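Undergrad: Dumping the structure here so I can ask a few things about it.
The values are calculated or read from the model by the stated rules, or taken from the named source; none is laboratory data. Because the structure is a prediction, the values reported are computed rather than measured. Cβ sites come from the backbone with ideal geometry, for glycine too, and all protein chains shown count toward neighbours.
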Amino acid sequence: MTDVRQTKPSRFMTPTQAAEELNVKPGQIQAMIKAGELRALQVGGRGMWRIGRQDLEDYIGEAYRRTAERIAAGEIADDRSGAEQVFLNRGVVGLPD
C-alpha cells in the first residue's frame, strides 16, 4: 500500500514564488514590499524576504476592492465581458448593483 499524504502548503513564500502567483517579475514584488503595499518579513542573517500566503491573499483582495472602486468612479474603463460584470455585481468584489 502506498503512503499518500496531503502536503500542506508552506506558510511563507519567497518573492519569486509570490511573483509567480501574480504573474509579475520578482523586482515588482520587492518594490511592493519596500513601498509598504505588500506585507513581508526578513529572516536570517542575510535578510531574506518571506511573504505570508495570507498576506498575499489580503493584498489580492485589497487590489480587487480598489479596482472595483476605480471602475465605479469611472476612473478606469470596465472592459470585462457582460458575464464577468454580472458575476462581479453580485458582490464578489463589491461593485455596486
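Undergrad: If you scan region 9-25, which residues turn out to be among the charged types (D, E, K, R) and assigned to a loop (DSSP other than H, G, I, E, B)? It would help to see each step written out before you state the result.
TA: At the first step, the residues of region 9-25 found to be among the charged types (D, E, K, R) are 11, 20-21, 25.
Across region 9-25, the qualifying residues are ARG11, LYS25.
Undergrad: I want to confirm something. Restricting to region 38-58 and keeping residues that are small (Gly, Ala, Ser) and at pLDDT 95 or above, which single residue is surrounded by the fewest Cβ atoms within 10 Å (Cβ to Cβ)? First the steps, then the outcome.
TA: Step one: list which residues in region 38-58 are small (Gly, Ala, Ser), which gives 40, 44-45, 47, 52.
Now restrict to residues that are at pLDDT 95 or above: 40, 52.
Details: ALA40: 21, GLY52: 17.
Per the criteria, the residue is GLY52.
Undergrad: Please find, within region 44-75, the residue that is nearest to GLU20 (Cα to Cα) out of those that are of a type in the set (Lys, Arg), in contact (Cβ under 8 Å) with a residue 24 or more places away in the chain and in a helix (DSSP H, G or I).
TA: Step one: of region 44-75, the residues of a type in the set (Lys, Arg) are 46, 50, 53, 65-66, 70.
Filter once more, keeping what is in contact (Cβ under 8 Å) with a residue 24 or more places away in the chain: 50, 53, 65.
From what is left, the residues that are in a helix (DSSP H, G or I) are 53, 65.
On the way: ARG53: 13, ARG65: 21 Å.
Of everything passing the filter in region 44-75, ARG53 is nearest to GLU20 (Cα to Cα).
Undergrad: Within region 1-55, which residues are under 12 Å from the mean Cα position of the chain (by Cα) and of a type in the set (Val, Ile, Thr)?
TA: Matches in region 1-55: VAL24, ILE29, ILE51.
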